[in-house]
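Chemist: Below is one structure. I have some questions about it.
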Amino acid sequence: MKYLLDTANLDDIRRCCEIFPIAGVTSNPSIVKREGNVDFFAHMREIRSIIGMDSPLHIQVTAPDAEGMVRDADAIMEKVDSNVFVKVPVTLEGLKAMKAMKAKGIPITGTVVYSKQQGFLAMEAGADYIAPYFNRMENLGIDPDDVIASLAEMIALYGYPTQILAASFKNAGQVDRAFLAGAQTATMDPSILISAISQPHIDGAVEQFMNDWKAVHGETLLCQ
Ligand code: E4P
């Protein structure tokens, strides 16, 4: 299992990378919008400098048409670095763009995936990652566990090198389900990771241990 941060907030990325086993960072235009009118490419380079060259960085195109998406991908390769996975929505234009990007050797993440067929086509088009939208599927009455399990089954059956990058989570329980359904990686807002660990019952248990220690040893800790 790999955990990625679905944010472009530099402070959150720095803080989470100190605490959690973070494997990479994803964003989309809505996520970047929260950071205000930043210099896009400089901001992405800053994220890269925090996470390092070996951690996957996924950056989404903004153009609506295939030609524009390929131009966006070229610019990301040139102005950020050539290790970036370029996120392309799995649409008609997106699939067309993937062909051209594949021919150029550009790493690809197929995103905005709401169905098995979108995932299958992205795999066949050579996407390195596919990003099924867990919460958004659930909101539409689509079973995200079933979609992810089917994608995982096809990857295993035919040996596709594609990895499932589950996305669009609103709570830690959804992340549990995505991993259990077969997603190798999942990207989430830092608040989901923090809320998974920072819980009153966990803190209460730790406090009880501390109180029991102090009842015998006072304020003297183990290594004092
Ligand atoms: C990830 O890269 C996706 O763009 C993102 O998780 C979508 O999440 P949302 O449904 O919260 O917008």
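Chemist: Take the residues in the range 183-224 that are among the charged types (D, E, K, R), within 39 Å of the chain's Cα centre (by Cα) and not in a loop (DSSP other than H, G, I, E, B), then tell me which one is farthest from GLN163 (Cα to Cα).
Modeler: GLU207
Chemist: If only one of GLY68, GLY119 is out of contact with any Leu (no Cβ under 6 Å at 6 or more places or on another chain) and either assigned to a loop (DSSP other than H, G, I, E, B) or modelled with pLDDT of 95 or more (or both), which one is it?
Modeler: On the way: GLY119 fails: out of contact with any Leu (no Cβ under 6 Å at 6 or more places or on another chain).
Unique residue meeting the criteria: GLY68.
Chemist: Say whether the condition of being out of contact with any Asp or Glu (no Cβ under 7 Å at 6 or more places or on another chain), crowded, with 20+ Cβ neighbours inside 10 Å, not in a helix (DSSP H, G or I) and not aliphatic (A, V, I, L, M) is met by at least one residue in the range 78-87.
Modeler: yes
Chemist: Looking at ARG48, is it of a type in the set (Lys, Arg), surrounded by 15 or more Cβ atoms within 10 Å (Cβ to Cβ) and without any contact (Cβ under 8 Å) to a residue 40 or more places away in the chain?
Modeler: yes
Chemist: Return the only residue of ALA131, ALA73 being at pLDDT 95 or above, of a type in the set (Gly, Ala, Ser), closer than 20 Å to PRO56 by Cα and within 12 Å of the ligand (Cβ to nearest atom).
Modeler: Details: ALA73 fails: within 12 Å of the ligand (Cβ to nearest atom).
None of the other options fit; the residue is ALA131.
Chemist: While we're looking at this one, here's another question. Taking the residues in the range 130-181 that are β-branched (Val, Ile, Thr) and in a loop (DSSP other than H, G, I, E, B) as candidates, determine which candidate is surrounded by the fewest Cβ atoms within 10 Å (Cβ to Cβ).
Modeler: Out of the qualifying residues, it is ILE142.
The values are calculated or read from the model by the stated rules, or taken from the named source; none is laboratory data. Since we're looking at a predicted model, the values are computed, not measured. Ideal geometry is used to build each Cβ from the backbone, glycine not excepted, and the neighbour counts take in all protein chains shown.
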